[in-house]
Each structure stands twice: as structure tokens, then as C-alpha cells.
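Participant: What follows is a single structure, and I will ask about it in a moment.
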Amino acid sequence: MGQTYTTGGAHFAFTDRWGGVSAAPYAELNLGGGTVGTTADSAAAVAVNRDRAARSLGVAPERVVWMHQVHGRDVAVVDGPWGESPPPAVDAVVTRARGVPLAARGADCVPLLLADPRAGVAGAAHAGRPGMVAGVAGAAVEAMAGLGAAPARIVAHLGPAVCGRCYEVPEALRDEAGGQVPAARATTSWGTPALDIRAGVVAQLEALGVGMITVSEVCTLESGDHFSYRREGATGRHAGYVWLDGE
């Protein structure tokens, strides 16, 4: 299921679309449902999928911290799941708690996973075009620094997302977003204006001095193993998870 990485007691994982119970158009391992910006899939199917995904990673499903993602830059500092309360409208969560997986969903947007294993601080963020422009990646790093993380020690993994060769946008939108984040300016493989959200996020992380950055080579629009809103419209969401060893 997807890709996994481990660095100094910090664990990172990205799911793909396989191994779940959701029916088309959300087939199969849809991890998003029931809120704006996710999907209209069956809540029961999503619950089974989230349970399966967590258990496949060796983490307790009830410990996973999900967000109500709204394409902004707000960050929540957490020490555990929300319990009976609904997830707040944020696009990043950070924690010093061990054994608490943080999750960020996507279906073309960038799921961004962060950790400073030495400080014992982790973070997850959802960066689409509006979130990139708003600076959600920087907001997450700043919140982690407030918990004792050092940017130079932070390990950042950017998960599967639509690439700059495929993310076509109107020229005015490229100019607007590119004016805020120049590294995101791109051109499609067929020669039209585009944005490269991952390149923009990488530039923002580098400007903050983040020490190690890896970027998935998977373009969600090109990959049949991943959900893509641009390709399919009604579709599911995969996710990235990050957590620290221990309780």
C-alpha cells in the first residue's frame, strides 16, 4: 500500500487507492468523506478504509488525527485525536505526542509530512494551490518550531500530487500564484500555462532552512493507482500519515 519511510523514530507513509471497500467512483481505499472538500462516499465504507489503512501501517485507527481541510493556512497543535468533536477547519496539524499519527488527504493537492525526530515533533499539512499561496507549509514549520523543532533537522516528505506538466491553469491564475510563489510557475507538456505546487512548496521549505526534503515522483493525474480530482471529478482521497515512535 503506497510508500513508507522511517527516519530516526519518525515514520512517514502515503497510501494509494487500492485495498479498500469503496465502490466506484471512490474505489477502493477512499479515506475522505462526509465534509466539504472530501467525498460523498458512504461513511461506513470510509470508516472501514481508514481502519484498514491504519492497521496496515501498524497504528491504532482511533489514534489518527484527521483534519477538516479547507485550503487555508491555519494550524492546530494537538496531543491526540478529537474524540467526539468534529475535526476543526485547519490545513495543518502538529504534535509533540508520540504514537499519535497525523493525516493529510489529497487527490491532486500535496500531502506534506514533516518531523524533527530529535525534538520529537511531527506535522502534517494539506497544500493545494490556495494553501501553497497562503503559506501553509511555512505555517506548519513555524508551529513545529514553537514546539522545539529546528528547521535544519526537519525531514519533509511531499507525497503524490498533480505535477507541473499536467496542472493546467489560466494564464492569469499562473501569474497570480506565480507572483506569490515564483517557483510554482510551470508549463504543461503541451505548452500551456501551469502550476507546479510541489515545486512551490519545496521552495518555501528551503527558504525556511528545512534540512531534508524528498518529493514523490508520482503525478496523481497520470497514475491510475492514485485518486485525481482533475482526472475523475467525483473520486476518493488518499492520505499521508506521520507519527513518532512510542506513547
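Laboratory data are not the source of any read-out in this text; all were calculated from the coordinates shown. Computed from a predicted model, the values in this text were never measured in an experiment. Ideal geometry is used to build each Cβ from the backbone, glycine not excepted, and the neighbour counts take in all protein chains shown.
Participant: Viscosity 1.002 mPa s, temperature 20 °C: what is the translational diffusion coefficient of segment 129-177 from Stokes-Einstein with a Kirkwood Rh over Cα pairs, rounded to a whole number of µm²/s?
Facilitator: 163
Participant: Measure out, as a whole number of angstrom, how far apart the alpha-carbon centroids of segment 154-176 and segment 207-234 sit.
Facilitator: A separation of 9 Å, based on Cα centres.
Participant: Please state the shape class of segment 66-169: rounded when a/c is under 1.5, otherwise prolate if a/b exceeds b/c and oblate if not, all from the C-alpha gyration tensor.
Facilitator: Taking the square roots of the gyration eigenvalues as a ≥ b ≥ c, segment 66-169 is oblate.
Participant: Still on this structure: Isolated Cys in the chain by the 4.7 Å beta carbon test?
Facilitator: Cys with no partner Cβ under 4.7 Å: Cys109, Cys166.
Participant: Moving on to the next point. Taking the Cβ of each residue in Ile213, Ile154 as the centre, tally the other Cβ atoms inside 10 Å and list the residues starting with the fewest.
Facilitator: Ordered from fewest to most neighbouring Cβ atoms within 10 Å, Ile213, Ile154 come out as Ile213, Ile154.
Participant: What chymotrypsin sites (Phe, Trp or Tyr not before Pro) does segment 142-247 have in DSSP loop regions with at most 14 other beta carbons within 10 Å?
Facilitator: Taking segment 142-247 and a limit of 14 other Cβ atoms within 10 Å, the loop chymotrypsin sites (Phe, Trp or Tyr not before Pro) found are Trp190.
Participant: Next question, about the same structure. Any idea what the alpha-carbon Rg over 2.2 N^0.38 Å comes to for the chain?
Facilitator: 0.93
Participant: Continuing with the same structure: Picking from Gln69, Gln180, Gln204, which is most flexible by a Gaussian network model of the chain using Cα springs under 10 Å?
Facilitator: Gln180
Participant: Set the Förster distance to 45 Å, then compute FRET efficiency between Ala150 and Glu176 from the Cβ-Cβ distance, nearest 0.05.
Facilitator: The formula returns an efficiency of 0.85 here.
Participant: Please give the contour-minus-distance gain from Arg63 to Arg165: 0.36 nm per residue of separation, less the Cα-Cα distance, rounded to one decimal in nm.
Facilitator: 33.0 nm
Participant: Now for a separate question. Pop a pseudo-label 7 angstrom from the Cα along the beta-carbon direction at both Trp18 and Asp79 and give the gap in nm to one decimal.
Facilitator: About 4.2 nm, to one decimal.
Participant: How far apart, in nanometres, would the label points at Glu222 and Arg118 be if each is projected 7 angstrom from Cα along the Cα-to-Cβ direction?
Facilitator: For the pair Glu222/Arg118, the computed spacing is 3.6 nm.
Participant: While we're on this one: For a test of the definition: using alpha carbon positions, the gyration tensor, and the 1.5 limit on a/c, classify segment 121-202 as rounded, prolate or oblate.
Facilitator: prolate
Participant: Here's something else I'd like to know. Using +1 on the beta carbon of Lys and Arg, -1 on that of Asp and Glu, and nothing else charged, what's the dipole of the chain about the Cα centre, debye to 20?
Facilitator: Roughly 200 debye for the chain.
Participant: Pop out the ³J(HN,Hα) list for segment 214-231 in order, Karplus 6.51 cos²θ - 1.76 cosθ + 1.60 with θ = phi - 60°, rounded to Hz; leave Gly and Pro as x.
Facilitator: With the stated coefficients, segment 214-231 comes to 10, 10, 4, 8, 7, 9, 5, 5, 8, 9, x, 8, 10, 6, 9, 5, 5, 7 Hz.
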